[in-house]
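The values are calculated or read from the model by the stated rules, or taken from the named source; none is laboratory data. Everything numeric in this text was worked out from a predicted model, so none of it was measured. Counting neighbours? That spans all protein chains shown, and the Cβs are built from the backbone with ideal geometry, glycine included.
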Amino acid sequence: MRRQIPMLITFFVGTLIIVSEFIPHKPFGTLSTSLEGWFLIISGFAIILGQLSLFKVNIIKISRKAPNWPYYIIALVSFSIMVICGILWGTQKQPGLIPISDKMLNFFGYKPFDYIFKYMFENLSATMFSLLAFFMASASYRAFRARSPESTLLLVAAVLVMLGRTTIGSSLTGWIPESLSFLHLPNIASFIMKYPNTAGQRAILMCAGLGVIGSSLRIILGIERSYLGGK
Amino acid sequence: MEILMHRIGIWIGVFLTFAIFSFLYKDNPFYKIAEQIFIGISAGYWFIYTIYNILIPNLFVPVTTDLAHNFLLLIPAFLGILMLCRLIPSIDWVSRYALAVVVGTTAGLFFKSYLQSDVLNQLTATIINPFASGNAAQIIGELILIIGTLTGIIYFFFSKKHEGAFGTTARVGIYFLMISFGAAFGYTVMSRISLLIGRLNFLLGDWLGIIKP
């Protein structure tokens, strides 16, 4: 029963949502709308579950003195400070449990939650992603070795798009007369993006879409049950 | 005082930026500290975001202000609490009921939305008359679009062995996919480089004041 009832719920809910697309009248339409609202709320709890699970995992690692355990204390402290600041004084748009005093607002210039967001979160996330620019250099080296017609096409398309979307591309082909404007790098890049790139993306989208539809049907019909766990 | 806190904030940002960049040399304690701060702050941010933007407006406010009309919302609230039971190993199986609603709804919604946006809409956009416009470049482009889409789809058809005419068509599809991957790669490189430029702007502008924003 611990597996059958959830499978029945999945079947009922999934079928209801699909049927409501074809019969958007009562009761299917209203039930489907209600379910979508419920989905949002339960998903919210699922996100909270993820954060609490991270908290729990870190506490277990610290208590068992796992390798590098002192660093996990930093994660726990950062998480706690962010949550406490958010709950007590709120965020830019939301009031917290305690109204923030003018003195504190003048001191930080922002609410404490927003101060941490602006000076820590923004810098950390931007730097973390910009770090990938360096690793892309080595990835480019591997990708851009034109060993086959396929990798040559990848190389040519990437170089033309990069050149065409920057000012150096315009200046390189700026001397070409207007009558041959289709040879201007920005125009070539636009052509690649508009036609061959769209064709490839469209093929991927359509086939992936069919794959998602197939997977959805497998889940609704109870063929795919991995989400219920291994027990 | 606000200016002082702004300066302190900038210095914190600079420390974190260099701590992350120090990974380019090798893994080190500064990187690990910055990494854990990032994990903690990100988790805390999404925790607060979820409470203020999802749970309060969609659950707590309707239930506390007008329970009579919103009593059905107690069902997802109950299922949400069941979901949190996942953290208690002895009763973690009860979270399957909540998970079943989420998975069922997601499957149903994906079925509808992907069928519409990724299959039917894309198909409609591909079935065009390429010769409708008098412009030669557009005619060639639209022919490429139709041929590329069809051959790309054929490449993804794995129920038949890729040989003979079918294999040749699939091979043309691979070429279009490669052009698509190349364009996507080029765009990704550019976006990462622009992020790096943003970091350099922060260090040379906000911190050192060498360049003006």
Grab the helices (runs of 4 or more DSSP H) fully contained in the range A:52-137, keeping just those with 1 or more residues being surrounded by fewer than 16 Cβ atoms within 10 Å (Cβ to Cβ) and out of contact with any Lys or Arg (no Cβ under 8 Å at 6 or more places or on another chain). A:69-89, A:102-108
Does B:V61 satisfy the condition of being closer than 17 Å to A:G37 by Cα and surrounded by 17 or more Cβ atoms within 10 Å (Cβ to Cβ)? no
Of the conditions (1) more than 8 Å from chain A (Cβ to nearest Cβ); (2) in contact with a helix residue (DSSP H, G or I) (Cβ under 9 Å, 6 or more places away or on another chain); (3) of a type outside the set (V, I, T), the single one that B:H6 does not satisfy is (1)
Taking B:I154, is it touching a residue at least 12 places away in the same chain (Cβ under 8 Å) and part of a loop (DSSP other than H, G, I, E, B)? no
Quick check on the range A:195-231: of everything there that is modelled with pLDDT under 95 and among the charged types (D, E, K, R), which residue is farthest from B:I127 (Cα to Cα)? A:K231
Go through A:I47, A:I17, A:I59 for me and flag whichever is within 30 Å of A:K118 (Cα to Cα), in contact with a Ser or Thr (Cβ under 7 Å, 6 or more places away or on another chain) and free of Cβ contacts under 8 Å to residues at least 40 places away in the same chain. A:I47
Quickly run through the range A:149-186 and pick out the residues that are under 24 Å from A:T198 (Cβ atoms) and of a type in the set (S, T, N, Q). A:S151, A:T152, A:T166, A:S170, A:T173, A:S181
May I ask you to list the residues in the range A:138-154 that are surrounded by fewer than 19 Cβ atoms within 10 Å (Cβ to Cβ) and in a helix (DSSP H, G or I)? A:S138, A:A139, A:S140, A:Y141, A:R142, A:A143, A:P149, A:E150, A:S151, A:T152
Filter result for the condition that a residue is at the interface with chain A (Cβ under 7 Å from one of its Cβ atoms) and more than 26 Å from the chain's Cα centre (by Cα), over B:G167, B:G173: B:G173
Among the residues of the range A:140-147, is there at least one that is over 27 Å from the mean Cα position of the chain (by Cα), facing chain B (nearest Cβ under 7 Å) and either aromatic (F, W, Y) or more than 19 Å from B:I37 (Cα to Cα) (or both)? no
In the range A:191-231, how many are within 30 Å of B:Q138 (Cα to Cα) and surrounded by 15 or more Cβ atoms within 10 Å (Cβ to Cβ)? 19
Tally up the residues in the range A:19-44 that are more than 10 Å from chain B (Cβ to nearest Cβ) and exposed (fewer than 15 other Cβ atoms within 10 Å of the Cβ), please. 8
Among the listed residues B:A98, B:A125, B:A137, B:A165, identify the single one that is part of a helix (DSSP H, G or I), buried (at least 16 other Cβ atoms within 10 Å of the Cβ) and either among the aliphatic types (A, V, I, L, M) or touching a Lys or Arg at 6+ places or on another chain (Cβ under 9 Å) (or both). B:A98
